Structure formats: structure tokens, C-alpha cells
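Visitor: I have a structure here, written as C-alpha cells, and I will follow up with some questions on it.
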Amino acid sequence: MGDRANFGFKADGNNIINLYGHWAGGYRYPLVARALEASRGRWQDDGYATRIAISNIIGEDWAGSLSWGLYVNEFGDNEYPYLVVNFETQEVKEYEASSSTTGKNGFNLVMLQKPSKEWTFEQFIQEASLLV
């Protein structure tokens, strides 16, 4: 049981830091929009912006041992399209999450195909409440 989703944060080159949320799927658009807004002052610095965004999404659950996980180039169980935030290009892209290759943690390796949707940060923030 859960509402599983993954949030990708594209880092140096091809690496993606993935935040797995066990109960985050139905809220993924507003969570990412709020995280982008919180990190707005650091959009030009992907290290700080990524930390601010992930911290904002996890919120008070940082001290807990359930609900959230961080992976590099892998993602956990997933029930929703995969959102990837790229601070370098200031874009959010949505992908169908699929992979037949298993990574070292036993999760799927991130294999990005053509995105199904794309937004600038500003577009995503404005449209997040309308997305389903």
C-alpha cells in the first residue's frame, strides 16, 4: 500500500539525484512547485537549489525512518510519471518511468526517453495546481 512517486534532480552531466516518496504520488505537482518556489533564490546554483528543494519536499519527515529515500541514478517503486527538475536549464520534464535494468540497490536504473511533458520553472509553478 502506498502512493509511490520519484522526483529527479538532474545534477552534473547525466547524474540524477532521486527522491523517493512512499506517500507523495498524488501530490507530486504541488510538491515540486512549492520546492521550486522555495529554491528560487538559488536556481543558478544547482547544489544549493537541489538541497533546498529536497528539504522542502521532505519537510518535517527528515528525522523519520520511513516514507522517503534518496538514490543516485536509480529510483524506487513508482506508480506515477517521473518528474525531473533541471536547475541548469530551469526546466521540469515528465517521463514515463520504465526500466528493465536493475541498479545496485535493487531498484530501476533511470533511463530517460523522450519526455511526455515539458515546462519552464515559471510555467510549472503557475500550472501545478491545474496538473493531474
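Visitor: So in the range 15-42, with the set limited to residues that are part of a strand (DSSP E or B) and touching a helix residue (DSSP H, G or I) at 6+ places or on another chain (Cβ under 8 Å), which one is surrounded by the most Cβ atoms within 10 Å (Cβ to Cβ)?
Guide: Among them, the one singled out is 19.
Visitor: In the set 87, 121, which member is in contact with a helix residue (DSSP H, G or I) (Cβ under 6 Å, 6 or more places away or on another chain), under 18 Å from residue 14 (Cα atoms) and at pLDDT 95 or above?
Guide: After ruling out the rest, the residue left standing is 87.
Visitor: On to the next question. Being touching an Asp or Glu at 6+ places or on another chain (Cβ under 9 Å) and either part of a loop (DSSP other than H, G, I, E, B) or surrounded by 19 or more Cβ atoms within 10 Å (Cβ to Cβ) (or both) is the requirement here; does residue 12 meet it?
Guide: The answer is yes for residue 12.
Visitor: Can you find a residue that is modelled with pLDDT of 70 or more and either in a helix (DSSP H, G or I) or surrounded by fewer than 14 Cβ atoms within 10 Å (Cβ to Cβ) (or both) anywhere in the range 100-110?
Guide: Checked the range 100-110: no residue is modelled with pLDDT of 70 or more and either in a helix (DSSP H, G or I) or surrounded by fewer than 14 Cβ atoms within 10 Å (Cβ to Cβ) (or both).
Visitor: Just to be sure I understand, how many residues within the range 43-74 are in a loop (DSSP other than H, G, I, E, B), surrounded by 14 or more Cβ atoms within 10 Å (Cβ to Cβ) and modelled with pLDDT under 95?
Guide: Counting residues in the range 43-74 that are in a loop (DSSP other than H, G, I, E, B), surrounded by 14 or more Cβ atoms within 10 Å (Cβ to Cβ) and modelled with pLDDT under 95 gives 1.
The values are calculated or read from the model by the stated rules, or taken from the named source; none is laboratory data. It should be emphasised that the depicted structure is a prediction, and the values quoted were computed from it without experimental measurement. No Cβ is skipped: glycine too gets one built from the backbone with ideal geometry, and neighbour counts run over all protein chains shown.
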